[in-house]
Amino acid sequence: MKKILISGGAGYIGSHTVQALSKAGYGPVVLDSLITGHRKAVSKNISFYQGDIADDGLVSNIIKKENVSAAIHFAARSLVGESVQKPDLYFEENVAKTNRFMSTLLKCGVNKVVFSSTAATYGNPEVTPIAEESGTEPINPYGASKLMIEQSLYWLEQAYGLKWVALRYFNAAGAALDGSLGEDHTTETHLIPLILKTALGHREAISILGTDYNTPDGTCIRDYIHVLDLAEAHIRALEALDQGVACGAYNVGTGAGYSVREVVNMAKRVTGMDIPVVEAHRRAGDPDVLVAKVEKIQKTLGWQARYSDLETIIKTAWEWHQKHPHGYEK
Ligand code: UDP
């Protein structure tokens, strides 16, 4: 059984990937600080270590004890707004700690890494759908930190033969089909969970942040990708690294976009509730349209989205929110 070290495996995308790896016959080994992750998001029969990716002694011991052969690196800070307020925190936690983590992996002979990157590396795209070779000009420290890590992986490849794939996620959404895993952030800023919390009566209304964008209905368009499809992309990337695929970055999205109003309307239909909506001002830093070009991952990794129609995304997320109205811990 191939043992894969999963940093951040107790987080939203990490935990779904751990479950998918386990179902696919891999042996995931989770390392998570639990600063934002949830212990309950990782099944008791999976190896779990609480700690920091920059702890060389801990990471080395895990690799030896568990006989780890590759890593998927999710652990990171991921709040755009916080990154603007505290850029130093993001460059320390994401860039500096990843650098130490990579040094440990390489020192211990682990030279295959799948990295959790983001469409925020592109900034304000000039053309949509966005292709991987488009310019990367992040407009916040979160996106900048992820791009710096991608660049560092390239140089580690040149110097030490690291084999890496970076997956640039568009808008991760949805939950496990059986409602066992889902999205639970202490500070929730994402559209779909906020709409569903409104449906549950935890919030008075969902704010549509800007109705004067350059889109058909005036609200932002995003490419929502089901977390199970994201999880599958990591497995395909691991397999491709084993088969000697060229290192580089891949978009993970559907190639189709939905406006904020379309998402709200679908949530009203799925929940059967009249979710109160208020129209509010734009949020800083939101581009009009963010939609992925997905030919590269489809052709090279043989990956295809299966669960990412908007209805399935919202149905699975709604199932999770109903089963866990206060998240994992309560
Ligand atoms: N959005 C909104 N109301 C909210 C939260 C988000 O209208 O309460 C919009 C936001 O402006 C963006 C889209 O929903 O256009 C998706 O935002 P989210 O924070 O989920 O993901 P992002 O695109 O920022 O990664």
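The values are calculated or read from the model by the stated rules, or taken from the named source; none is laboratory data. Values in this document were obtained by computation on a predicted structure and should not be read as measured data. Every residue, glycine among them, receives a Cβ derived from its backbone with ideal geometry; neighbour counts consider all protein chains shown. Heads up: the accessible areas ignore ligands, DNA and RNA and are worked out on the full protein's heavy atoms, side chains in. Shrake-Rupley method; radii C 1.70, N 1.55, O 1.52, S 1.80 Å.
Take the residues in region 205-227 that are in a loop (DSSP other than H, G, I, E, B), within 10 Å of the ligand (Cβ to nearest atom) and more than 23 Å from GLY182 (Cβ to Cβ), then tell me which one is nearest to the chain's Cα centre (by Cα).
Restricting to residues being in a loop (DSSP other than H, G, I, E, B), within 10 Å of the ligand (Cβ to nearest atom) and more than 23 Å from GLY182 (Cβ to Cβ), the top hit is CYS220.
Listed here are the residues, each with its yes/no results for (1) closer than 21 Å to ARG100 by Cα; (2) in contact (Cβ under 8 Å) with a residue 40 or more places away in the chain.
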{"site": "GLY8", "(1), (2)": "yes, yes"}
{"site": "TYR12", "(1), (2)": "no, yes"}
{"site": "SER15", "(1), (2)": "no, yes"}
{"site": "LYS23", "(1), (2)": "no, no"}
{"site": "GLY27", "(1), (2)": "no, no"}
{"site": "ILE35", "(1), (2)": "yes, no"}
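Name the residue that is most open to solvent (accessible area, probe 1.4 Å), counting only residues in region 221-259 that are closer than 16 Å to ALA317 by Cα and among the aliphatic types (A, V, I, L, M).
Checking each candidate, the answer is LEU228.
Checking SER180 against (1) open to solvent by less than 30 Å² (accessible area, probe 1.4 Å); (2) away from the ligand (no atom under 15 Å from the Cβ), which test does it fail?
Every listed condition holds for SER180 apart from (1).
Of the residues THR312, THR300, only one is over 22 Å from SER180 (Cβ atoms), polar (S, T, N, Q) and surrounded by fewer than 22 Cβ atoms within 10 Å (Cβ to Cβ); which?
Of THR312, THR300, the one residue that is over 22 Å from SER180 (Cβ atoms), polar (S, T, N, Q) and surrounded by fewer than 22 Cβ atoms within 10 Å (Cβ to Cβ) is THR300.
Here are some residues: GLN243, GLN158. Which one is of a type in the set (S, T, N, Q) and within 20 Å of ILE4 (Cβ to Cβ)?
GLN243 is the lone residue from the list that is of a type in the set (S, T, N, Q) and within 20 Å of ILE4 (Cβ to Cβ).
Quick check on region 270-291. Is at least one of its residues open to solvent by 70 Å² or more (accessible area, probe 1.4 Å), assigned to a helix (DSSP H, G or I) and more than 19 Å from HIS190 (Cα to Cα)?
The answer is no, given that none of the residues of region 270-291 is open to solvent by 70 Å² or more (accessible area, probe 1.4 Å), assigned to a helix (DSSP H, G or I) and more than 19 Å from HIS190 (Cα to Cα).
Check whether at least one residue in region 164-177 is free of Cβ contacts under 8 Å to residues at least 60 places away in the same chain, open to solvent by 10 Å² or more (accessible area, probe 1.4 Å) and more than 10 Å from the ligand (Cβ to nearest atom), and report yes or no.
no
Checking TRP318 against (1) closer than 22 Å to LEU167 by Cβ; (2) within 16 Å of the ligand (Cβ to nearest atom), which test does it fail?
Checking TRP318 against (1) closer than 22 Å to LEU167 by Cβ; (2) within 16 Å of the ligand (Cβ to nearest atom), the one that fails is (1).
Could you tell me which residue of region 189-202 is farthest from GLY11 (Cα to Cα), considering only residues that are of a type outside the set (S, T, N, Q) and within 9 Å of the ligand (Cβ to nearest atom)?
Checked region 189-202; the qualifying residue farthest from GLY11 (Cα to Cα) is ILE195.
Sort out which residues of region 123-138 are in a loop (DSSP other than H, G, I, E, B) and touching a residue at least 60 places away in the same chain (Cβ under 8 Å), and write them in order of number.
The answer is ASN124, PRO125, THR128, PRO129, ALA131, GLU132.
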